[in-house]
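Chemist: This is the structure I have questions about; it appears just below.
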Amino acid sequence: MNDKQQNTIRFLIGLGDDSVVLSHRLSEWCSNAPYLEEDIALSNIALDYIGRARMFYQYAVELEGNKRTEDDIAYLRNERQYTNLLIHELPINDFAFTMVRQYFLDVFYCEYLKLLCDSSDEQISAIANKAVKESRYHLKRSQPWITQLAEGTSESKERIQLALDELENFVGEMFLMEDWELMLVDSGIAVDRKNLEANWNSEVQAFLNKSEMCFPDSQLQIRGGRNGIHTEHLGHMLSEMQYIQRSMPGLEW
Amino acid sequence: MNDVISIVTPEFASRKAYRNASVIPALWDILDNVFDPELPGLTIWDLGILQDVSEKNDAVLVTVTPTYSGCPAVDTIITDIETELFKFGHKKVEVKVTLSPAWTTDMMSPTGKAHLKSIQIAPPEKNDRVCCPVCESENTKVLSQFGSTSCKSLYQCNDCFEAFDYFKHF
């Protein structure tokens, strides 16, 4: 297997990790959301992300020559082997935090996946085509929530601001590329996330300004996810997510 | 109540033409007995996810496209396709799930849309102009963007007050 193939697999697993980790976080709201419709909505979005993760993992497995399964990738790697961008793994915190993160990621994915539709790899392009429509729908929901909370009570406004302050340190990493990812950009397979940063910033900033919220431009960029360096939260999350497969190896539904 | 939905989308027209040109129409007909497990009475053909049926040697190859990427119904549908073909004596069946062409609600047949309406699910509409399946009023509002399955959202009619599922245009 050459470098390009190896990097493609690594790239697919990274995208799958982003999705599976966020999906698990969203699923933590199941039965805990503020009211029933919201509970169903968050679980549905979690389901979309699980589907997205499966598409990326399945393709990675195929390229590897079916030496392992998609379940092996999700359940049998530890946190240092996970390569998701850190923003996905942060704990759900309160509802405001969950929605601000979702809004940030929805804006990001709408643009990112749109560009990924033009990937020179047909299967990656097909996955992006499927996923981008879902992200557009998610954005229609997360965006009004931010307005509603930011223009709501003093408490909801304060919670949105706290979420913004916490998340600012993790936004930078969304637009940083590792060298091996850049190699794939050159061959037309991947998208350079760096190019999305200016538009993302202006869109989010303009939107937040409408509700008189501000998103401070952080100098601190916590990074490491794509290389397996995580916050302390991921290990705890995986210990729960992987518990059954770890304690009863090979168990199937 | 007008249950006839006659608008044929270009996407459906091309599926229909493809099916009509098939040299093995009997196999397509067998698959008209396979239904979406979450939408009783709606066949996978009418839903628009059945893309191709072919025969190679003594094996049948069926191609479907999933609706939503995380839709758990896919696994059940694969089993149902196999079971139905086994029933008709086909011993080797392979079901391929492909992402391209990406499924859209425009692939749904007019019969499928009429069926949805008959079980009080508002069929997908371009521009999401949702019509109440009970009283036909266009004066409706969203209750929740997500409903009982990935493909539906929850609406209410402002005229007859009925709450109903809307099959999202996708």
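Chemist: Ranked highest first by average number of other Cβ atoms within 10 Å, how do A:68-78, A:204-214 line up?
Modeler: Top of the packing list down: A:68-78, A:204-214.
Chemist: I've got another one for you. For the range A:21-43 and the range A:52-68, what is the centre-to-centre distance using only Cα atoms, to the nearest Å?
Modeler: Cα centres, the range A:21-43 to the range A:52-68: 27 Å.
Chemist: Please list log₁₀ I(q)/I(0) at q = 0.22 Å⁻¹ for the range A:52-198, using the Debye equation with identical point scatterers on the alpha-carbon positions.
Modeler: Each listed q maps to, in turn, -1.48.
Chemist: Separate question: Determine, from the Cβ-Cβ distance of A:Gln245 and A:Glu62 and an R0 of 22 Å, the FRET efficiency 1/(1 + (r/R0)^6), rounded to the nearest 0.05.
Modeler: Efficiency at R0 = 22 Å is approximately 0.55.
Chemist: Using a Cα-Cα cut-off of under 20 Å, which lysines could be cross-linked to B:Lys87, ignoring same-chain neighbours fewer than 8 residues away?
Modeler: Once the sequence-local lysines are set aside, what remains near B:Lys87 is B:Lys56, B:Lys96.
Chemist: On to the next question. Determine by what factor the alpha-carbon radius of gyration of the range A:42-96 differs from 2.2 N^0.38 Å, reporting the quotient.
Modeler: Scaled against compact globular proteins, the figure is 1.32.
Chemist: I would also like to ask the following. What is the average number of partner chain Cβ atoms found within 10 Å of a Cβ in A:126-132?
Modeler: Counting other chains' Cβ atoms within 10 Å and averaging over A:126-132 gives 4.
Chemist: Take the eigenvalues of the Cα gyration tensor for chain B, scale each by 5, and report the square roots as semi-axes in whole Å, largest first.
Modeler: The equivalent ellipsoid of chain B has semi-axes of 31, 16, 13 Å.
Chemist: Using the beta-carbon distance between B:Thr111 and A:Gln5 and R0 = 60 Å, what value does 1/(1 + (r/R0)^6) give for FRET efficiency, to the nearest 0.05?
Modeler: 0.85
Chemist: Whole-Hz ³J(HN,Hα) for each residue in the range A:90-103, computed from phi via Karplus 6.51 cos²θ - 1.76 cosθ + 1.60 with θ = phi - 60°, x for glycine and proline: what do you get?
Modeler: Couplings: 4, x, 5, 6, 9, 4, 4, 4, 4, 6, 5, 4, 4, 4 Hz.
Chemist: On a C-alpha basis, how far is the centre of the range A:129-183 from the centre of the range A:193-224 in Å? Whole number, if you could?
Modeler: Computed from Cα coordinates, the inter-centre distance equals 9 Å.
Chemist: Using the Kirkwood radius built from alpha carbon pairs, what does the Stokes-Einstein equation give as D for the range B:10-106 at 10 °C and 1.306 mPa s, in µm² per second?
Modeler: For the chosen part, D equals 117 µm²/s.
Chemist: Tell me, what is the percent relative contact order of the range A:3-247, built from C-alpha pairs under 8 Å that lie six or more residues apart?
Modeler: Across the range A:3-247, relative contact order equals 26 percent.
Chemist: Give me the Kirkwood hydrodynamic radius of the range A:3-247, using the inverse of the mean 1/r over all pairs of distinct Cα atoms, in Å to one decimal.
Modeler: One over the average 1/r among Cα pairs gives 18.4 Å for the range A:3-247.
Rule-based calculations on the coordinates, nothing more; no lab input. Treat the numbers as computed from the prediction; the structure is a model and nothing was measured. We place every Cβ from the backbone using ideal geometry, glycine too, and count neighbours over all the protein chains shown.
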